[in-house]
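What follows is a single structure, written as structure tokens, with notes after it.
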Amino acid sequence: MERLRKNAEVLGNEKSAFQIDLVDHIDPLPLQQFGLECMLGHPNLGLYGDIYEVFPALVLVKTFPSGFLDLSPPIASTLSGVLARNIESFVMIHTCAKEGPCQHFLCSSTHEVSCLYHPCIFEYSTLLEHLCQSDQPVPEDASELVCTVEVGLWNPEHVIPAHAQVHKEVERGVPFGALGPRRQIMHGYALSPNNLQVELTPGRPYHAFDLVAHLPSRDNPRGPLQRWVISHHLIPSTQAQDQAIREVANRSLQLEELIGLMQTDPRLVEMLPALDKIAALIA
């Protein structure tokens, strides 16, 4: 693994996070900072409710798609014929997930996580410009921005499908093993709908999965789907694991150092298979 130094400027609210751009070597990462929760312009995870509680990335690596394509033949097949320059790829280790009641109120699960792509689709600066014009009414096309994207999940570890039977397909959970249409909407500052959920299997040492999304260009969210985003998400199961990752991310200066320290930290021994996969993805 090439020795690369982490970014000096960290985006978002997790100032101890380890962030690095292996593709363009840009510091800080070329991602918009979106909304009061300071979500970044990559696929986000969180708890849907009255507000969207983000599980920010303690480790965020912008990388090449080759690792995903080499390690996952189903993803490679899905993206067959897509030019590499049209694919963005991210590897993320998130904070420990929070629990909350199902927001569909259809089940008793408290282990659902929602995925959202609003920061990858909508330009927050444009949204603010529309909403902050106090001397003019908000244009109808700005007060509700609607986009339908295609999303699918592959390589699940300790996660299962959620809400696959909701009547409207665009409002269902994340489809497993195939792409499916899912809607993303901005109502003023609010994010909706309540969709793209997965359920974390309780009592397991970690939760991990790959997402593939087909998105429109940012300057035309109602336009044709043109961009592809692949993302790997790893979620620790315990606060002890969360704290260990925070400490390692904060003190590591090089990517190789980060991976090595996580793989040898006794507090993370149960996460070793997932950490080995991350090492392979970004090698």
Residues of segment 27-64 that turn out to be of a type in the set (Gly, Ala, Ser) and either under 16 Å from Lys6 (Cβ atoms) or at pLDDT 90 or above (or both), as a count: 3
Here are some conditions: (1) modelled with pLDDT under 95; (2) part of a loop (DSSP other than H, G, I, E, B); (3) touching a strand residue (DSSP E or B) at 6+ places or on another chain (Cβ under 9 Å). Val166 meets all but one. Which one does it not meet? (3)
So the strands (runs of 3 or more DSSP E) completely within segment 170-283 holding 2 or more residues that are within 30 Å of Phe122 (Cβ to Cβ) and touching a Leu at 6+ places or on another chain (Cβ under 6 Å) are 180-187, 206-216, 225-236
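Considering only residues that are of a type in the set (S, T, N, Q) and either in a strand (DSSP E or B) or within 20 Å of the chain's Cα centre (by Cα) (or both), which ones fall in segment 58-102?
In the first step, residues of segment 58-102 are kept if they are of a type in the set (S, T, N, Q); the result is 63, 66, 72, 77-78, 80, 86, 89, 95.
Once the filter is applied, which keeps residues that are of a type in the set (S, T, N, Q) and either in a strand (DSSP E or B) or within 20 Å of the chain's Cα centre (by Cα) (or both), segment 58-102 yields Thr63, Ser66, Ser72, Thr78, Asn86, Ser89, Thr95.
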Since Thr110 meets every condition but one in (1) assigned to a loop (DSSP other than H, G, I, E, B); (2) among the polar types (S, T, N, Q); (3) surrounded by 18 or more Cβ atoms within 10 Å (Cβ to Cβ), which condition does it not meet? (3)
Taking the options Ala283, Ala279, name whichever one is modelled with pLDDT under 95, under 26 Å from Leu153 (Cα atoms) and over 17 Å from the mean Cα position of the chain (by Cα). Ala283
Considering residues that are modelled with pLDDT of 95 or more and either within 12 Å of Phe122 (Cβ to Cβ) or of a type in the set (D, E, K, R) (or both), the number found within segment 136-160 is 3
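Check Arg204, Arg218, Arg222 and return the single one that is modelled with pLDDT under 95, touching a strand residue (DSSP E or B) at 6+ places or on another chain (Cβ under 9 Å), among the basic types (Lys, Arg) and over 20 Å from His42 (Cβ atoms). Outline the logic, then answer.
Values: Arg204 fails: modelled with pLDDT under 95; Arg218 fails: over 20 Å from His42 (Cβ atoms).
Of the residues listed, the single one that is modelled with pLDDT under 95, touching a strand residue (DSSP E or B) at 6+ places or on another chain (Cβ under 9 Å), among the basic types (Lys, Arg) and over 20 Å from His42 (Cβ atoms) is Arg222.
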What's the total number of residues in segment 68-80 that are surrounded by fewer than 21 Cβ atoms within 10 Å (Cβ to Cβ) and farther than 17 Å from Glu150 by Cα? 5
Residue in segment 10-32 that is farthest from the chain's Cα centre (by Cα), counting only those that are closer than 19 Å to Val248 by Cβ and of a type in the set (D, E, K, R): Lys15
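Do we find a residue being at pLDDT 85 or above, assigned to a loop (DSSP other than H, G, I, E, B), among the hydrophobic types (A, V, I, L, M, F, W, C) and touching a Pro at 6+ places or on another chain (Cβ under 9 Å) anywhere in segment 121-135? Steps first, answer last, please.
Going residue by residue through segment 121-135, those that are at pLDDT 85 or above are 121-122.
Subset that is assigned to a loop (DSSP other than H, G, I, E, B): 122.
Checking the rest, the ones that are also among the hydrophobic types (A, V, I, L, M, F, W, C) come to 122.
With the extra rule that they be touching a Pro at 6+ places or on another chain (Cβ under 9 Å), the set shrinks to 122.
Among the residues of segment 121-135, at least one is at pLDDT 85 or above, assigned to a loop (DSSP other than H, G, I, E, B), among the hydrophobic types (A, V, I, L, M, F, W, C) and touching a Pro at 6+ places or on another chain (Cβ under 9 Å), which makes the answer yes.
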List the residue pairs whose Cβ atoms are under 9 Å apart, where the first residue sits in segment 53-69 and is without any contact (Cβ under 8 Å) to a residue 40 or more places away in the chain and more than 18 Å from Glu247 (Cβ to Cβ), the second is of a type in the set (A, V, I, L, M, F, W, C) and not in a strand (DSSP E or B), and the two are 6 or more positions apart or on different chains. Val54/Cys38; Ser66/Ala84; Leu69/Ile75; Leu69/Ala76; Leu69/Leu79; Leu69/Ala84
Restricting the search to segment 93-115, which residues are at negative phi and hydrophobic (A, V, I, L, M, F, W, C)? Ile93, Cys96, Ala97, Cys102, Leu106, Cys107, Val113, Cys115
The residue that is modelled with the highest pLDDT, considering only those in segment 1-26 that are within 23 Å of Asp242 (Cβ to Cβ) and among the basic types (Lys, Arg), is Lys6
Residue that is nearest to Phe64 (Cα to Cα) [pool: residues in segment 220-270 that are free of Cβ contacts under 8 Å to residues at least 60 places away in the same chain and among the small types (Gly, Ala, Ser)]: Gly260
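The values are calculated or read from the model by the stated rules, or taken from the named source; none is laboratory data. These figures come from a predicted structure and were not determined experimentally. Virtual Cβ from ideal backbone geometry, glycine too; neighbours counted across all protein chains shown.
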